[in-house]
C-alpha cells in the first residue's frame, strides 16, 4: 500500500491535477489516487498509509461550495477505517469576505456576523463535520484561490478576458498548484495537527495581476453580473480576502516557492519578465496613485480651492509609529484626504486612516479609499499598521461624527472608541491630536434621514441632506488644520495600563479636551468662512 492516499471522486478533475503534482513531488510509489467509489465500497486498508488526503467535490456553477453529502460519507468511512492521519483540503473561503473583513487573517479569525455568507457557512459546516467524525489525527488546510482550480475566480483568470465588478480592485493571493502540493506534503510529514492557512508570500490587486499576467479586464456593474452569479460569489471578486501564513511556516515548515504573479503566469503559460517583480501593499495602497494625485488634484484642492493653512507639523514623528487622532466631518472623506496629502508633502510619510466599512460598499469610492491607504477599522489592522512603523489615522468619535449636522459639527461628540488609547499604551507610541476647521462648510450636512432601508444597505447612521449632489463640487471654504503637541501616555504608564478602563477614559478625555479647545480657538479667530488667516494673525499678535 502506498504511503500517501488521495481520496476524491473519479470525476474530480482538479483532484487529478493535485495528485499529479503530488506524484511529481514524491518518490515513485509513495502516493496513490484512491477513487471515492472504491474507498466507500470496499474495505481499503488505509491504516498502512502515512496519511490520507480528502479533496471534496464542489457543487454549484461557481465551484466555491463543497459537497457536504459526499463529505459525510467519506468521514463515516474514515471513522471506521481509522487512517493514521487525515488531511482535509478546506478553503480560505471559510473566513468570508465583505467590507468589515480585516486583512491577512490568521486561523483564529472569527467571521463577523454580516460577513458570514452561504459560501463561508458551508465550509464551516464541512470542517465541523470532520471534527465531529474523525477521531484520528486531523489536519485542515485552508488554501486561498488555487491556480488552476474549479473556483470562479481561477476560471476567470485563466481566460484572456476577465470580467470583474466595476469600481472595485480587491487585493488577493493566488496559490500555485505546485505550492499547494508542497504544503500538503509538509502536513503529511510534520508531526502536527490543527488548522493552517496556505497562501503565497505577498499579495496582488486584481487589476495589476491581469495587467502583468498578460490578460485583459472587462469591468461590468455588479448588478448586471447578478443575473449570472449569486451575490455571495460576486463579493469574493469585489472585496479583499487575504490570509496570514505565519502559522504554517512556523509549525509545518512550509515556504511557498511562487508568488501570486508567478502562479498566474504559470496558469496562462506566460514567460516571466526579466525585470524584478513589483511588490504590492498588503492593504492595497498604491503609492504611485497617491503621488500622481498629490501633483495634480490634491495640490489644486489644498493650495487653490480650500487654501488650507497649516500649523504644528513639527509635532508629527518623522520616523516610527504614531497615531494621528482627529475629528472627521462629511460623508465624503475630503478632510482625511487633505490631511494625508499635507502630511505626505511636509514629512514624506503616508498616514493610513482607519475607514468605516460602510464606505467600502460603494464602487469607485471603495477603490479610491483603498489606494489612498485606507484600511478597514478594526484593532487587528491598526496593530499591523503600527507594527510596521507607520502612522495611523483614527477618528475617535466613530462614524457618528462624520454625519453630525453642520449646526453642531464643531462640538466634538463623546469618544465612543477609546481603542486608540489602549493601542498607544500597549505599543508605547505617541498620540498626535489634530483638528480641522472649514471642512464642515465645504460639504455641510443640513439633516440626516434615519431611514431603516438605507442604514441596512449602507451601514451609515442615515442618509445625509447636503449640497451634494445638487452642486458638483464641495464649497470653496477656507480651511485651517492644526496639529497639537504629542501626548505620550506610555511615558508614565506601562503596557498593562491598557486594561485600566478608568485611566484609558481619562487619557481619551484629555485628548478630546485639547482638540475641542483648539477648535474653539480657531473659530474665535477666523475672520470668515471663506477667507482670512488664523495662524498668521495669531503669530503677528504674539510677535507684537
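Since every read-out is calculated from the coordinates, none of them should be taken as a lab result. This is a predicted model, so every value here is computed, not measured. Quick reminder, even Gly has a Cβ in these numbers, built from the backbone with ideal geometry, and neighbours come from all protein chains shown.
Remark on region 4-268: ratio of C-alpha radius of gyration to 2.2 N^0.38 Å is 0.98. Pull out a ≥ b ≥ c, the square roots of the eigenvalues of the alpha-carbon gyration tensor of region 302-344, then state rounded if a/c is under 1.5, prolate if not and a/b is larger than b/c, and oblate in the remaining case. The shape class here is oblate.
With both residues required to sit in region 4-268, DSSP beta bridges show an antiparallel share near 10%. What's the Kirkwood radius of region 143-193 in Å, using all Cα pairs? When all Cα pairs of region 143-193 are included, the Kirkwood radius is 12.8 Å.
Helix 13-25 and the longest principal axis of the Cα set of the chain meet at an angle near 80°. Neighbour counts of other Cβ atoms within 10 Å put 76, 380, 441, 135 in the fewest-to-most order 135, 76, 380, 441. Both radii were evaluated on the Cα set of region 182-318; the Rg over Rh quotient, with Rh as the Kirkwood radius, amounts to 1.09. When each of 308, 87 is scored by the number of other beta-carbon atoms lying within 10 Å, the sequence from fewest to most is 308, 87. Give the shape of region 394-544 as rounded, prolate or oblate, defined through the alpha-carbon gyration tensor: a ≥ b ≥ c are the square roots of its eigenvalues, a/c under 1.5 means rounded, and otherwise the shape is prolate if a/b is larger than b/c and oblate if not. Verdict is oblate for region 394-544.
If you take the Cα centroid of region 93-154 and the Cα centroid of region 434-500, the two points sit 35 Å apart. Here the residues 349, 23, 238, ranked from fewest to most Cβ neighbours within 10 Å of their Cβ, fall in the order 349, 23, 238. Across region 54-150, Cα pairs under 8 Å and at least six residues apart give a relative contact order of 40 percent.
Given region 355-421, report the % of alpha carbon pairs whose separation exceeds 13 Å. Result: 69 percent of Cα pairs exceed 13 Å. The helix-only estimate of mean residue ellipticity at 222 nm for the chain, built from DSSP H runs of length n ≥ 4 each weighted as -39500 (n - 2.57), is -10500 deg cm²/dmol after division by the residue total.
With N denoting the number of residues in region 66-184, provide Rg(C-alpha) divided by 2.2 N^0.38 Å, to two decimal places.
On the way: Rg = 16.0 Å, N = 119, 2.2 N^0.38 = 13.5 Å.
The value comes to 1.18.
Largest first and in whole Å, the equivalent-ellipsoid semi-axes of region 262-347 read 35, 16, 13, each the square root of five times a Cα gyration tensor eigenvalue. Rounded to the nearest 10 degrees, the inclination of helix 501-525 to the longest alpha-carbon principal axis of the chain is 40 degrees. Secondary structure note: in region 287-543, about 40% of the DSSP beta bridges are antiparallel.
May I ask for the percentage of alpha-carbon pairs in region 316-471 that lie more than 19 Å from each other? Here the long-distance tail beyond 19 Å is 54 percent of all Cα pairs in region 316-471.
Taking every alpha-carbon pair under 8 Å whose residues sit at least 6 apart, the chain reaches a relative contact order of 12 percent.
Each Cα pair under 8 Å and six or more residues apart adds its sequence gap; the mean of these over the residue count of region 322-456 is a relative contact order of 37 percent.
Taking Cα atoms only, the orientation of helix 334-347 departs from the longest principal axis of the chain by about 90 degrees. Each part gets one Cα centre, and for region 226-253 versus region 298-331 those centres are 34 Å apart. The convex hull around the C-alpha trace of the chain, projected and averaged over every direction, spans 28.3 square nanometres.
The fraction of all Cα pairs in region 382-454 landing in successive 5 Å bins from 0 to the largest distance is 3, 12, 21, 19, 15, 13, 10, 6, 1, given as whole percents.
The antiparallel fraction among DSSP beta bridges confined to the chain stands at about 20%.
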